[in-house]
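Trainee: Have a look at the structure that comes next, please.
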Amino acid sequence: MNSVGTMPKFKLTTHPTYHRLQHIELDQESLKKFFEAVKEINVERIEYVPFERFYLAQQLNETLGGNFQTSVRSILHNRNTGGFTIGVQGLTDDINDYVKFSTALSHLVGVPNFDSMSGKYYARFSVKHSFDSDTYLRQAYRLFYLHTDGTFVNEQTDWLIMMKLEEKNAVGGESLLLHLDDWEDLDKFRNHPLANHPYEFTQKGRASKNVEDVVYNTTFYEHNNAPCIRFNDQCSVPYSIEQAKYHRDISQSLEKSPSVKAVSLPVGDLIMLNNTFWLHGRDAFERNENLYRELLRQRGYFAKI
């Protein structure tokens, strides 16, 4: 797992909540060295200068033994896993360090897409008691249904990162996860006559998304001889009762699946998933007027080399 002649600098274990997820524990001293190596690079610099983001990735890979990148890519591309959790392990509570850490990870596997919500390669958003939004993303007290990212944009979205930056007075709100191969009704819906019908997906008119794209894609597709899914109930636009029923039935089946797991993340931890065969959502929070959570999101495509 690590370079010949070096002590192990990271360890892979099975996540205690979802058997397909891996958890990566990093050597504390190596992680300290990473933050020390990049302490002079501020967040504005990595927002403005794309090559600095790859420098962060290089530094993280080198401090962890030089083959950390290979292991991370292997997890994400492996159909049996496709996801992991990892964090800063209490070494820092500086949100700027969180941005650097998540940026290093994303650039080890590929390139993030432009995030129209923030106008950057990543987005930060909060969830609190009151909200002024046209999306479930910021509505704390309702279930955020299972979906994949990137369904409504003309960009390849192979992976996503969600990192917890801050949290206060929060009970509930766990990440809801389902690996496509654990969905009991997969064969029923992938073999349906509408499985290969090109649906319209769009968030046009939603101010929070700042995206006017209209995308036509099938719900299911094949990659590496295995089924993959594009699904988001908020941006599916059916043109008949039959089309609407098909997507509604998918949504209801996903939400009722006993294979869905609720995964908690501590502040400073992130989850990274292969977006082609993992679905994710969020459980509802318990009501609290002082509730606050801030998350960071990145999503993008895998490197070709």
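The values are calculated or read from the model by the stated rules, or taken from the named source; none is laboratory data. Just so you know, these numbers come straight off a predicted model, no measurement behind them. All Cβ positions, glycine included, derive from the backbone under ideal geometry; neighbour counts span all protein chains shown.
Trainee: If a residue has to be part of a loop (DSSP other than H, G, I, E, B), β-branched (V, I, T) and at pLDDT 85 or above to count, how many in the range 133-169 make the cut? Give the steps one after another, and end with the answer.
Mentor: Taking the range 133-169 first, the residues part of a loop (DSSP other than H, G, I, E, B) are 133-135, 140-143, 148-158, 169.
Next, from what is left, pick out any that are β-branched (V, I, T): 135, 148, 151, 153, 157.
After this cut, where a residue has to be at pLDDT 85 or above as well, the list is 148, 151, 157.
Going through the range 133-169 one residue at a time, the tally reaches 3.
Trainee: Can you name the strands (runs of 3 or more DSSP E) wholly within the range 226-284 that have at least 1 residues being exposed (fewer than 15 other Cβ atoms within 10 Å of the Cβ) and of a type in the set (A, V, I, L, M)? Walk me through how you get there before you give the answer.
Mentor: On the way: elements: 226-229, 261-263, 269-274, 278-282.
Output list reads 226-229.
Trainee: Another question, then. Pick from the range 187-212 the residues that are touching a strand residue (DSSP E or B) at 6+ places or on another chain (Cβ under 7 Å) and farther than 20 Å from N275 by Cα: which of them is modelled with the lowest pLDDT?
Mentor: Restricting attention to the range 187-212, the residues satisfying the condition of being touching a strand residue (DSSP E or B) at 6+ places or on another chain (Cβ under 7 Å) are 190, 195-202, 204.
Those left that are additionally farther than 20 Å from N275 by Cα: 197, 204.
Working: H197: 93, K204: 64.
Checked the range 187-212; the qualifying residue modelled with the lowest pLDDT is K204.
Trainee: If I go through the range 56-84 residue by residue, how many of them are farther than 20 Å from K32 by Cβ and β-branched (V, I, T)?
Mentor: 3
Trainee: Here's something else I'd like to know. Restricting attention to the range 31-46, report how many residues are assigned to a helix (DSSP H, G or I) and either under 22 Å from G87 (Cβ atoms) or polar (S, T, N, Q) (or both).
Mentor: Looking only at that region, the number is 9.
Trainee: Can you pull out every residue in the range 84-98 that is part of a helix (DSSP H, G or I) and surrounded by fewer than 22 Cβ atoms within 10 Å (Cβ to Cβ)? Can you show your working first?
Mentor: In the first step, residues of the range 84-98 are kept if they are part of a helix (DSSP H, G or I); the result is 95-98.
I95, N96, D97 - these are the residues of the range 84-98 that are part of a helix (DSSP H, G or I) and surrounded by fewer than 22 Cβ atoms within 10 Å (Cβ to Cβ).
Trainee: Give the range 21-33 a look and list any residue that's under 23 Å from the mean Cα position of the chain (by Cα) and farther than 30 Å from S259 by Cα, or say none.
Mentor: Within the range 21-33, L31 is the sole residue that qualifies.
Trainee: Report, by residue number, each residue of the range 110-129 that is under 30 Å from E289 (Cβ atoms), assigned to a strand (DSSP E or B) and of a type outside the set (K, R).
Mentor: If the condition is that a residue be under 30 Å from E289 (Cβ atoms), assigned to a strand (DSSP E or B) and of a type outside the set (K, R), then D115, A123, F125, S126, V127 are the ones that fit.
Trainee: A follow-up question, please. Go through the range 270-305 and count every residue that is touching a Ser or Thr at 6+ places or on another chain (Cβ under 7 Å) and farther than 25 Å from W183 by Cα.
Mentor: Here the count works out to 5.
Trainee: Any residue at all in the range 77-100 that's over 30 Å from A226 (Cβ atoms) and under 16 Å from the mean Cα position of the chain (by Cα)? Write out each step before concluding.
Mentor: We begin by selecting, within the range 77-100, every residue over 30 Å from A226 (Cβ atoms); these are 88-100.
With under 16 Å from the mean Cα position of the chain (by Cα) added as a condition, the list becomes 98-99.
Within the range 77-100, one or more residues are over 30 Å from A226 (Cβ atoms) and under 16 Å from the mean Cα position of the chain (by Cα).
Trainee: Residues of the range 34-50 being among the basic types (K, R) and either over 17 Å from P112 (Cβ atoms) or within 23 Å of the chain's Cα centre (by Cα) (or both), which ones?
Mentor: Initially, the range 34-50 is screened for residues among the basic types (K, R), giving 39, 45.
Residue satisfying the conditions is K39 alone.
Trainee: Okay, moving on. Suppose we keep only residues that are in contact (Cβ under 8 Å) with a residue 24 or more places away in the chain, aliphatic (A, V, I, L, M) and under 21 Å from K120 (Cα atoms) within the range 48-64. Which one would you say is surrounded by the most Cβ atoms within 10 Å (Cβ to Cβ)?
Mentor: Per the stated criteria, the residue is L56.
Trainee: Among the residues of the range 145-197, which ones are aromatic (F, W, Y) and within 28 Å of G268 (Cβ to Cβ)? First the steps, then the outcome.
Mentor: Within the range 145-197, the first condition is being aromatic (F, W, Y), and the residues that meet it are 145, 152, 159, 183, 189.
The answer is Y145, W159.
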